[in-house]
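Worksheet for the structure shown next.
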Amino acid sequence: MSTAQLPPLNQYRIENARLPGYTGLQRVRIDDGVVKTIQSMTTPYLTRTEERLDLAGDWLSLGGIDLQINGALGLAFPDLLACHQSQLQEICQFLWQQGIDGFLPTLVTTSMRKFQQALAILTDHQPSHSPPQAHILGVHLEGPCLNAEKRGAHPPEFLQPLAIETLHQVIGEYTDQVTVVTLAPELDPSGTAVAWLRSQDIIVSLGHSQATAAEANRAFEQGATMVTHAFNAMPSLHHRQPGLLAAALMHHQVWCGFIADGQHVDPLMLQLILQASPDQGLFLVSDALAPLGLADGSYPWDSRQIEVKAGTARLANGTLSGTTLSLLAGVQNLVRWNVCSVGRAIALATEAPRQVLGLQGLGPGQPASHLLRWGHDSSTQELTWQRLFAYA
């Protein structure tokens, strides 16, 4: 995206900006590098000495938060070793350049040794502030307690039963580092595993599952609050067997992540769930794999190979394994497909994931360095973005 950013002056008055969740044009005051106030343009304002910037109706948001990203620049997060710390820094810098403020490195099903190894490396990671980079907000464990019938590209030899003992082995001493665990709730009807994860303040997400609506609702009652890549690796919506996804969409305390690459889910189905959940309950993820940032081609993936074509990754047998499109490319797709408004598309990648994690959204106190400016061409439905300030 464009790198034409404003210099890091201390005071700005941003006017005529559209903000996700706000009605009409807004005035945003920046002081000492942070957002101080957000007011409607109809509110009288005492002119100050700050620099004035007129967005002329462009959108303003925080950067994206990606809750499901498996790697980038050729490095898969489950393969992390101590020698990869510098490469991990490069990934964080690359994601910042992709408009991402923070992310959850996602560890897909692998061996116990590699789970522990990757968690140790991510725990030891020390973020840099110059050059700026996206922050690691915890870890998402996508497995290994998944239903073999819905394992997708997850290697079957590493799948494990859903039990507290298994979770202890996977997570070890890194409970403070783990933010989300994706699991198949039908593997433990007692709910003890879900209850234990919630006791550790870990978000429980349902995915790679054959759960019925009743089984999903039971897991929600036990504390699960999220669904991993809606539609994918779960029963389809069915008029007699509604399943996990229908139960989640009807539950006001459950958030569903989804991928907007045009391959994982047809845009028409995305429009369906967006209209079914008009207020909240949905958020975008990239589900990007290690070749994110690299050209199409063949790449190693655990002991196998994936083929990347036009941003879509598949195993040799054709199994869809992920994408190499960035999170904000999904925002642009939603607008291009005309499946929701510009403001909602932006919010699905910026505000909604922050709500899932209990983080503050766009408002007073947020760093100005996190602000993105979005331009929308209504004649072509093209959406572009750039970081607004050149802060380190």
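Only one of 163, 118, 134, 153 is within 19 Å of residue 74 (Cα to Cα) and either surrounded by fewer than 20 Cβ atoms within 10 Å (Cβ to Cβ) or at pLDDT below 95 (or both); which?
153
One residue is enough: does the stretch 204-223 have a residue meeting the conditions assigned by TED's automatic domain parsing to the domain that holds residue 121, in contact with a His (Cβ under 6 Å, 6 or more places away or on another chain) and in a loop (DSSP other than H, G, I, E, B)?
No, there is no match, as no residue in the stretch 204-223 is assigned by TED's automatic domain parsing to the domain that holds residue 121, in contact with a His (Cβ under 6 Å, 6 or more places away or on another chain) and in a loop (DSSP other than H, G, I, E, B).
Here is a yes/no grid of residues against (1) outside the structural domain of residue 182 (by TED's automatic domain parsing); (2) within 23 Å of residue 154 (Cα to Cα); (3) out of contact with any Cys (no Cβ under 7 Å at 6 or more places or on another chain):
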{"residue": "85", "(1), (2), (3)": "no, no, yes"}
{"residue": "92", "(1), (2), (3)": "no, no, yes"}
{"residue": "102", "(1), (2), (3)": "no, no, yes"}
{"residue": "105", "(1), (2), (3)": "no, yes, yes"}
{"residue": "111", "(1), (2), (3)": "no, yes, yes"}
{"residue": "114", "(1), (2), (3)": "no, yes, yes"}
{"residue": "118", "(1), (2), (3)": "no, yes, yes"}
{"residue": "122", "(1), (2), (3)": "no, yes, yes"}
{"residue": "134", "(1), (2), (3)": "no, no, no"}
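For the stretch 181-201, give me each residue that is assigned to a loop (DSSP other than H, G, I, E, B) and surrounded by 24 or more Cβ atoms within 10 Å (Cβ to Cβ).
Once the filter is applied, which keeps residues that are assigned to a loop (DSSP other than H, G, I, E, B) and surrounded by 24 or more Cβ atoms within 10 Å (Cβ to Cβ), the stretch 181-201 yields only 184.
Here's the yes/no breakdown for (1) assigned to a helix (DSSP H, G or I); (2) closer than 25 Å to residue 73 by Cβ; (3) under 22 Å from the mean Cα position of the chain (by Cα):
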{"residue": "308", "(1), (2), (3)": "no, yes, yes"}
{"residue": "328", "(1), (2), (3)": "yes, yes, yes"}
{"residue": "363", "(1), (2), (3)": "no, no, yes"}
{"residue": "369", "(1), (2), (3)": "yes, yes, yes"}
{"residue": "379", "(1), (2), (3)": "no, no, no"}
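Taking the stretch 246-257 as the region of interest, how many residues are farther than 12 Å from residue 282 by Cα and either in contact with a Phe, Trp or Tyr (Cβ under 9 Å, 6 or more places away or on another chain) or surrounded by 23 or more Cβ atoms within 10 Å (Cβ to Cβ) (or both)?
Qualifying residue count, the stretch 246-257: 1.
Only one of (1) more than 18 Å from residue 178 (Cα to Cα); (2) without any contact (Cβ under 8 Å) to a residue 24 or more places away in the chain is not met by residue 199, so which one is it?
Every listed condition holds for residue 199 apart from (1).
The values are calculated or read from the model by the stated rules, or taken from the named source; none is laboratory data. None of these values were measured; they are calculated from a predicted model. Counting neighbours? That spans all protein chains shown, and the Cβs are built from the backbone with ideal geometry, glycine included.
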